[in-house]
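Engineer: One structure, as structure tokens, below. Some questions next.
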Amino acid sequence: MKTRVAAAAPLGDNRSVLCFTGVEKSYGRIRAVDGLDLSIDRGEVFGLLGPNGAGKTTSVWMAVGLLRPDAGTVRVAGEDPADAGVRRRIGVAPQSIALYDELTARENLRFLGKLQGLRRRALESRVDELLERVGLADRARQRAGGFSGGMLRRLNLAAALVHGPELVLLDEPTAGVDPQSRHSIFDLVAWLRELGTTVLLTTHYLEEAQRLCDRVAIVDAGRVLELGTVEELIRRHGGGQRVVVDRISGREELQTAEPMRAIAGVLDDPTTLGVHVERSNLEDVFLALTGRSVRD
Amino acid sequence: MRAMWFIAMKDLALLRRDWAGLFFAFGFPLLIAVFFGVIFSSPGESRRGVELAVVDLDGSAASSELVDTLGAAAELRVRTAEAGEGTELVRTSKAAAALVIEPGFGEAHARAGVGEPMRLRLMVDPSHEAEGGIVRGAVSRAVFADVGARFGAGDADVGSGLPLVIEQEQVVAEGRSPFLVTFPQGLVWGTLACASAFGISLVTERRQGTLVRLRVGPVRLWQVLAGKGLACFLSILAMSGTVVLVGAIGFGVMGGASRLGVVAVMVSVAAGFVGIMMLLAVLGKTEASAGGIGWAVLLVLAMVGGAMVPASLMPEWLGPIAEMSPVRWAIVAYEGAMWRGWSFGALAVPCVKLVAVGSVCFAVGAWVFARGARASL
């Protein structure tokens, strides 16, 4: 059973669905976002990757119009996201779980769907579909207050999608979830991509960004440090491949453009226990750009 | 043991961080104790006094003397009234009690303690029983001081029998019951409970993040607040309707009531207290402090408004403040509609006050709440 909710009109013909131009935002003396320029294309899964305090959540709140930038503009399909009509086409899954503990999973989704203008069969069908998608169909009649962290996170995500938004903002969607829920959320993002939904995903999990995102912006201290596809970023900043050698004395990493030659060099060493080749990843990119780990 | 100690210390640290909760745990009881202590202990402070209407049907020198003595009593505020007027003054709340000096009082006074006793009739508003007791005390003191002095001076006409009988009656229409007093008060306390739950739910909405969830939908903040206010308004109406229905069926409280008047009062009281609670809720950071603040303020309003302590015991300067208590307006309005037989014009005064104050409080509370919601992102 698949329902593509068609309550909202398309977000215009613009190729760019979400656009930040010279955006600045401060909280008192703390500058959360410092000259953010980003353009996210239709149907793209875009990752904002950065450590805590990088300005990711602030950017999400500005994208949905709840926060006004101090300078610059935020546009959704060329329009102000503070406008209720525009906001209706956006779905947000906040970082903190935002559900009613005393309502069941179904009641939570039904209530939020009604607020978004869905009615009767379309609403019920959509709720059923989403509960199935996030693996909570058999828990539909249970109160959210009794759910595990992972189940809540999945329901939180489903709540953002109930009205079939064309732009979905996921703020740290997998923070603190179990592997099963993590995979379920990954599948959901993949499904959104299939549907052609534009997704902005903030995360500080590099694996998540690498696996899910078409393009990634690496942000730190409110600024975009680098932007591109994962492959582009690794090519530019990752330093190629590295040979990892496990010795009796410990692990050693050799950065090299010719891994086979490096492997040949260590195989004769009697202290070598094992050797393998690793591709550079976003962690290496982040390290190269900031001089520290994303989790620092 | 160490674990218990650590948990206790953690909870105290949490309390210390919640300024509103801390104030209502430590500061507020102290404030209340000092405030009401000062009110009740100032010896030179003039009290408002119990409003007493005196109807002298005897017209003798003895009855005039009693009127003068009562007029000089510090705890009473005496006004003379014509025959039949006393009941009306009590019924319309213009006097807490009316004392009727029956014909024959002078003759009985002359032969105090011998034969027929002096007869007085005390008519008391059922919601002012405490004031009725004060009047009885003052009257007894006046009569017995006089009789005692005469007996001591060897007045031959004074005997040792019962010199005085005070017959007390409640001023309510025929067939009415004491439930007429308790039901309006119950309605107001129920309203306070519903309003308090509303205040707490507002804080919960903010704390559990669902307020943000609602705001990112196509819903404006004022719609969220109005929706929550509407839920509280409807719950107060449902509670009031149930209480009135039970009162009508089981206790006859709607016997002579103006049904339309009662409905109008229900709506006004609900509107007023939704607004007041909206303002109080924004002061609380946590559910506990929001609930505490709400109840604390409403209790003070109830106390000052005379719902817990007779207004006549309050100092005179507190009188105008007591008249400004919405709890008082609500009780007076319910009583007016249910058994005092107030006209719509008379009912309109407390009802309009409640709606006006509720509207202002709701607007100010919503503004503060909106500011807080923006800042909390």
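The values are calculated or read from the model by the stated rules, or taken from the named source; none is laboratory data. Quick caveat: nothing in here was measured; it's all calculated off a predicted structure. Virtual Cβ from ideal backbone geometry, glycine too; neighbours counted across all protein chains shown. Heads up: the accessible areas ignore ligands, DNA and RNA and are worked out on the full protein's heavy atoms, side chains in. Shrake-Rupley method; radii C 1.70, N 1.55, O 1.52, S 1.80 Å.
Engineer: Ordered by packing density, taken as the mean number of other Cβ atoms within 10 Å over each peptide's residues, highest first, how do A:261-268, B:361-368, A:161-168 rank? Spell out each step's value before the answer.
Structural biologist: Values: A:261-268: 13.1, B:361-368: 17.5, A:161-168: 24.0.
Output ranking for A:261-268, B:361-368, A:161-168: A:161-168, B:361-368, A:261-268.
Engineer: If you place +1 on the Cβ of every Lys and Arg, -1 on the Cβ of every Asp and Glu, and leave all else neutral, what size is the dipole of the protein assembly as shown about its Cα centre, to the nearest 20 Debye?
Structural biologist: For the protein assembly as shown, the charge dipole is close to 1880 debye.
Engineer: Let me ask something else. Take B:Asp11, B:Asp125 and sort them by solvent-accessible surface of the protein heavy atoms, 1.4 Å probe, largest at the top.
Structural biologist: These residues rank, largest area first, as B:Asp11, B:Asp125.
Engineer: Could I ask something else about it? Quick one: Debye curve from the C-alpha atoms of region B:164-227, no solvent, what's log10 I(q)/I(0) at q = 0.27 Å⁻¹?
Structural biologist: -1.10
Engineer: Which sequence of A:Tyr100, A:Tyr27, B:Tyr334 reflects their accessible areas, 1.4 Å probe, from the largest down?
Structural biologist: In descending accessible area the options line up as A:Tyr27, A:Tyr100, B:Tyr334.
Engineer: Continuing with this model, one more query. Please work out whether chain A counts as rounded, prolate or oblate from its C-alpha gyration tensor, where a ≥ b ≥ c are the square roots of the eigenvalues and a/c under 1.5 means rounded, while otherwise a/b larger than b/c means prolate and anything else oblate?
Structural biologist: Judged from the Cα gyration tensor, chain A comes out prolate (a/c at least 1.5, a/b above b/c).
Engineer: Oh, and also: Any chance you could look up the accessible area of B:Ser93 with a 1.4 Å probe, heavy atoms only, rounded to 10 Å²?
Structural biologist: B:Ser93 has an accessible surface of roughly 50 Å² with all protein chains in place.
Engineer: Right, something else. Mind giving me the nanometre distance, one decimal, between the label points for A:Asp101 and A:Asp41, set 7 Å out from Cα along Cα→Cβ?
Structural biologist: 4.5
Engineer: Do any GluC sites (Glu not before Pro) in region B:43-112 lie in a loop, going by DSSP, with at most 13 other beta-carbon atoms within 10 Å of their beta carbon, and if so which? It would help to have the intermediate numbers written out before the result.
Structural biologist: Numbers: sites: B:Glu45, B:Glu51, B:Glu65, B:Glu75, B:Glu82, B:Glu85, B:Glu88, B:Glu107; in loops: B:Glu45, B:Glu75, B:Glu82.
Counting only loop positions with at most 13 other Cβ atoms within 10 Å, the GluC sites (Glu not before Pro) in region B:43-112 are B:Glu82.
Engineer: Pull up the cross-link candidates among the lysines for A:Lys56, meaning alpha carbon to alpha carbon under 28 Å and not fewer than 8 places away within one chain.
Structural biologist: Leaving aside lysines fewer than 8 places away in the same chain, those within reach of A:Lys56 are A:Lys25, B:Lys285.
Engineer: What is the sum of charges around A:Leu273, taking Lys and Arg as +1, Asp and Glu as -1, for the other residues whose C-beta is under 12 Å from the C-beta of A:Leu273? Let's see the in-between values first.
Structural biologist: Details: positive: A:Arg247, A:Arg251; negative: A:Asp246, A:Glu252, A:Asp269.
Summing Lys/Arg as +1 and Asp/Glu as -1 gives -1.
Engineer: Using only atoms on other chains, find how many Cβ atoms lie within 10 Å of each Cβ of peptide B:214-227 and report the average.
Structural biologist: Taking all residues of B:214-227 together, the mean is 5.
Engineer: Still on this structure, I have one more. Under 10 Å, Cα contacts only: if you run a Gaussian network model on chain A, which one of A:Asp37, A:Asp83, A:Asp269 comes out with the highest mean-square fluctuation?
Structural biologist: Of A:Asp37, A:Asp83, A:Asp269, the most mobile in the Gaussian network model is A:Asp269.
Engineer: What does the highest-first list of B:67-73, A:210-216 look like by mean Cβ count within 10 Å?
Structural biologist: A:210-216, B:67-73
Engineer: Could you order A:Thr272, B:Thr191 by accessible surface area, starting with the largest, using a probe radius of 1.4 Å?
Structural biologist: From most accessible down to least: A:Thr272, B:Thr191.
Engineer: Let me ask something else about it. What's the average, rounded to a whole number, of partner chain beta-carbon atoms within 10 Å of each residue's beta-carbon in A:64-72?
Structural biologist: 2
Engineer: Going highest first, how would you order A:109-117, A:54-62 by mean Cβ packing within 10 Å?
Structural biologist: The most tightly packed comes first, giving A:54-62, A:109-117.
Engineer: Here's a follow-up. Need one value for A:95-106: mean number of C-beta atoms belonging to other chains within 10 Å of its residues' C-beta atoms.
Structural biologist: Rounded to a whole number, the mean comes out at 3.
Engineer: Here is a follow-up. Take the Cβ-Cβ distance between B:Met9 and B:Phe144 as r, set R0 to 45 Å, and report the resulting FRET efficiency rounded to the nearest 0.05.
Structural biologist: Efficiency, from the Cβ-Cβ distance: 0.15.
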